[in-house]
Amino acid sequence: MKFLRAMKKIKIKKQIIAAVMACVLGIGGIYSVHASVINDAKNKKNEAQQELDNLNSQIDEIQAAQSDLQEEMDAYDDQLMALLTDMDLLENDMDAKQDEIDQANADLEVAQEKEQTQYNAMKTRIQYMYENGDSNYWEAMMGATSITDLLNRVEYVSEVYDYDRKQLTAYQETVQQVADLKDQLNAQLAEMEELKISYEDQASSLQALIAEKSAVMDNFDAQLASAKSLASQYADTIKKQNQIIADEQARQAAEEAAARRAAQQQQQNAGNQSNTTGNDTNASASGSGTGLTSSGLNPAHTTNVSGSDVVAFASQYVGYPYVYGGNSLTEGADCSYFVMACFGQYGISLPRNSYSMQSCGQAVSYDCAQPGDIICYPGHVAIYMGNGRIVHASSPTNGICYGSATYRTILTIRRVL
């Protein structure tokens, strides 16, 4: 009897050990299966995260390039708008100059008519005296009543001749002055027409640059859209892999918990069975169990540089050629380089383009302008000499020359000395 009870206890112990081992092996198998899925998901997630990080870097680079490009395009737009404004002002100046030319033509016709009228009057008087000979002259002289009368008559005839000559000379001079003015106005208009062509070329270049930059911007937009689309896909992949990992970990935890519960149940059953045996044994003994720019502006000079010295230096280059974009006072310069170089000779630093010079120094009224001040026109700059005169790099035809300060619309006058 004792032998049978001992064998039964050994059998129950083996069953408990087998249940524990089955639980351990089951949990290990569950862990192994889920670990493989989780590791695969983590690898895919890490790959997607790496690609996403690379794409985010590319997106940052594209957006930075877009920002730089947009600033560049905005600057070109500003230059184009300023140039178009200058072109409008130039058109107004050209219309005003044409009106002056038309008036000069009218004045020339009037002066020529007066000259012809005086010439015809002289011819008539000369013809009359020629046809009547000297007899009328002598009769007029002999008809004098006194020596005073005689002298008066002689003086009168002489004054008529002198008057005719002076009038004709005066009319001829007027005709020449008006003709010279007409030529001067035509030359100024021709200069403006050259400047207009230059403006049109610059506008075309700026528009071409803007179109080129717009194409690059469109390409950036396409790259950015593609990168964001891929980034969205990688983000979705990461999200899905995170969900797979979470789901697998949840299933793993649930299966492990179920395995533990099963093992615990088996242990409990085995324990109950052992207790039952014990109870059978003990029953006989005890029977018990357990379980995010105004008028009057005249600012003081701020340097010791003489404006007259700057004018004198600039005047040395009168007669040298004008070259658009040129950077040499002797071989060719445009208006802004000419002004920049002349002031640079005296240590005054100025920007390279005429548009930026409009903001240099201090504003000055025209009535207060002094030699060495800078006069800014639409798309052009000059050095004021005083007495209404300027020296400037004018045009390919005129080169570096002198001119009238008011030959065009003045935008502002700047004092940088």
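The values are calculated or read from the model by the stated rules, or taken from the named source; none is laboratory data. Not measured: the values here are computed from a predicted model. Positions of Cβ are generated from backbone atoms using ideal geometry, with glycine treated the same way; all protein chains shown enter the neighbour counts. Side chains included, ligands, DNA and RNA excluded: accessible areas come from the protein's heavy atoms. Shrake-Rupley method; radii C 1.70, N 1.55, O 1.52, S 1.80 Å.
The numbered conditions (1) at pLDDT below 75; (2) part of a helix (DSSP H, G or I) are all true for Gln103 except (1). Scanning region 167-202 for residues that are open to solvent by 60 Å² or more (accessible area, probe 1.4 Å) and among the hydrophobic types (A, V, I, L, M, F, W, C) turns up Leu181, Ile197. In the condition set (1) under 25 Å from Gln202 (Cβ atoms); (2) basic (Lys, Arg); (3) touching a strand residue (DSSP E or B) at 6+ places or on another chain (Cβ under 6 Å), Arg415 is compliant with all but (1). Based on what the data block shows, is Ala75 surrounded by fewer than 15 Cβ atoms within 10 Å (Cβ to Cβ), over 16 Å from the mean Cα position of the chain (by Cα) and farther than 15 Å from Glu200 by Cα? So Ala75 fails the test. Between Gln243, Gln266, the distinction of being more than 30 Å from Ala64 (Cβ to Cβ) and either crowded, with 17+ Cβ neighbours inside 10 Å or β-branched (Val, Ile, Thr) (or both) belongs to Gln266 only.
Per this entry, Ile383 is not counted among residues that are in contact with a strand residue (DSSP E or B) (Cβ under 7 Å, 6 or more places away or on another chain) and closer than 17 Å to Gln188 by Cα.
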